[in-house]
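Engineer: One structure coming up, written as structure tokens, with questions to follow.
Just so it is clear, none of the values below were taken in a lab; they were calculated from the coordinates. Predicted, not measured: the structure shown is a model, and the values here were computed from it. Using ideal geometry, Cβ is built from the backbone for each residue, glycine included, and neighbour counts are taken over all protein chains shown.
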Amino acid sequence: MSDLPPLREVINRHGLNASKALGQNFLLDEQLLDRIARVPGDLAGARAYEVGPGPGGLTRALLRAGANVTAVERDRRCLPALAELDVAFPGKLRVIEGDALQIDEAAEAGRGGHIVANLPYNVGTALLVRWLGGEEWPPWWASLTLMFQQEVAERIVAKPGSSAYGRLAILAQWRSDARLAMKVHRSAFVPPPKVMSAVVHIVPAKAPEGVSAATLEKVTAAAFGQRRKMLRKSLQALPGALDALETLGIDSERRAETLSVAEFAGIARTIGG
């Protein structure tokens with residue numbers, strides 16, 4: 001492990017200039033990478049699933065932490081650099097060349113794995129929605145430790161009444177605990193992105209009984225699709241929604257950003273489906 005070359009040297013040797021088309025920004029600060037790898041807790045002997053490892057900076061940190069890593073990389077230029085890690089950590093790393101949006105993650109990474117990733121900016125939100133969505137709960141993963149643009153991270157952990165509060169916050173919080181684990185300055189990346197970044201940590205919690213994820217999605221889509229309007233206007237086209245407000249004693253003149261996550265779950269439960 002101590003014989004691994006510096007990440008900057010690996011990038012230069014393999015000609016790995018970050019691809020804007022793939023949303024790549026590489027992290028080179030190994031102390032910072034080790035901090036990120038510690039966010040999920042003790043990974044010794046645990047399974048970790050990484051999307052977009054690039055030259056393998058975070059991959060190194062996960063391997064140093066003792067994890068068995070499955071990494072999905074779309075950019076084949078990065079595969080030789082990752083192969084060097086396979087030599088340094090025999091039997092601990094499996095690299096899949098492919099599109100993370102097309103991977104059967106539970107089959108490849110195994111149930112109970114921790115997803116840890118500096119997500120490519122262009123697919124980060126889509127992957128998060130996929131991991132948090134669906135009717136099956138608890139999910140196949142044990143925790144999510146994900147790097148996003150800070151603005152997106154703040155939307156994930158936002159509380160009612162804030163401008164950042166919306167559908168993403170409800171998706172992340174109605175049956176999970178989500179927190180902002182750390183902020184990361186843009187200067188930590190190569191090349192530096194135009195915005196600050198942040199790491200979000202999400203752990204599954206008990207899902208409210210009788211709430212369909214699909215129905216909750218419909219409620220939040222309607223409510224926040226016209227977030228400046230009162231609920232009686234924004235929800236009027238959704239069958240059963242206004243009756244649900246009355247049943248629950250929720251004032252129909254309130255706006256979506258004032259409702260708690262529990263109130264949205266209550267509306268979805270009352271509508272049914």
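Engineer: Take Gln226 and Ala83, extend 7 Å from each Cα along the Cα→Cβ direction, and tell me the distance between the two endpoints in nm.
Structural biologist: 5.8
Engineer: Still on this structure, please answer the following. Using the Cα gyration tensor of the stretch 176-243, with a ≥ b ≥ c the square roots of its eigenvalues, what is the shape: rounded (a/c below 1.5), prolate (a/b larger than b/c) or oblate (neither)?
Structural biologist: Details: a/c = 4.19, a/b = 1.86, b/c = 2.25.
Taking the square roots of the gyration eigenvalues as a ≥ b ≥ c, the stretch 176-243 is oblate.
Engineer: Going Cα to Cα from Lys229, which lysines come in below 18 Å? Please leave out same-chain ones fewer than 8 positions away.
Structural biologist: Lys218
Engineer: May I ask you to list the aspartates and glutamates whose Cα is less than 15 Å away from that of Lys194, ignoring any residue fewer than eight positions away on the same chain?
Structural biologist: Glu151
Engineer: Please report, in debye to the nearest 20, how large the charge dipole of the stretch 38-88 is about its Cα centre when each Lys and Arg carries +1 at its beta carbon and each Asp and Glu carries -1 there. Mind dumping the intermediate values first?
Structural biologist: On the way: 7 positive and 6 negative charges, 15 e Å.
Its charge dipole is roughly 80 debye.
Engineer: For the chain, what is the mean residue ellipticity at 222 nm derived from helices alone (per DSSP H run of n ≥ 4: -39500 (n - 2.57); sum divided by total residues; nearest 500 deg cm²/dmol)?
Structural biologist: Details: 12 runs with 100 residues, N = 273.
It comes out at -10000 deg cm²/dmol, rounded to the nearest 500.
Engineer: Still on this model: Sequence gap at least 6, Cα distance under 8 Å: using those rules, report the relative contact order of the stretch 171-244 to the nearest whole percent. Intermediate results must be reported in sequence, preceding the final value.
Structural biologist: Values: 72 pairs, mean separation 18.1, N = 74.
Result for the stretch 171-244 is 24 percent.
Engineer: Using the Cα centre as the reference, give the magnitude of the dipole from point charges on the C-beta atoms of the stretch 51-153 (Lys, Arg: +1; Asp, Glu: -1; all else neutral), rounded to the nearest 20 debye.
Structural biologist: In debye, rounded to 20, the stretch 51-153 gives about 340.
Engineer: Could you grab the relative contact order for the chain? Cα pairs under 8 Å, six or more apart, rounded to a whole percent.
Structural biologist: Values: 503 pairs, mean separation 42.2, N = 273.
This gives 15 percent for the chain.
Engineer: Now, a different point. For Leu28 and Glu108 in one chain, what is 0.36 nm times their gap in residues minus the Cα-Cα distance, to one decimal in nm?
Structural biologist: Working: separation 80, 0.36 × 80 = 28.80 nm, distance 2.71 nm.
Length gained between Leu28 and Glu108: 26.1 nm.
Engineer: Right, another one. State which entries of Lys159/Lys206; Lys20/Lys92; Lys183/Lys233 exceed 27 angstrom in Cα-Cα distance in the structure shown. Show your work: numbers first, answer last.
Structural biologist: Numbers: Lys159/Lys206 19 Å; Lys20/Lys92 30 Å; Lys183/Lys233 38 Å.
Exceeds cut-off: Lys20/Lys92; Lys183/Lys233.
Engineer: A further question follows. To the nearest 20 debye, what is the magnitude of the charge dipole of the stretch 146-241 about its Cα centre, counting +1 on the Cβ of each Lys and Arg and -1 on the Cβ of each Asp and Glu? Please report the intermediate quantities before stating the final value.
Structural biologist: Working: 15 positive and 5 negative charges, 76 e Å.
The calculated dipole for the stretch 146-241 is roughly 360 debye.
Engineer: Sticking with this structure for a sec: Let a ≥ b ≥ c be the square roots of the eigenvalues of the Cα gyration tensor of the stretch 91-241; is it rounded (a/c under 1.5), or, if not, prolate (a/b larger than b/c) or oblate? Please list the in-between numbers first.
Structural biologist: On the way: a/c = 2.14, a/b = 1.36, b/c = 1.58.
Here the stretch 91-241 falls in the oblate category.
Engineer: Next up: What percent does the relative contact order of the stretch 125-221 come to when contacts are Cα pairs within less than 8 Å and at least six residues apart? Provide the component values of the computation, followed by the final result.
Structural biologist: Numbers: 143 pairs, mean separation 33.4, N = 97.
Worked out over the stretch 125-221, it gives 34 percent.
Engineer: With r as the distance between the Cβ atoms of Ala126 and Lys194 and R0 = 22 Å, compute the FRET efficiency 1/(1 + (r/R0)^6) and round to 0.05.
Structural biologist: Working: r = 20 Å, r/R0 = 0.93.
The value I calculate is 0.60.
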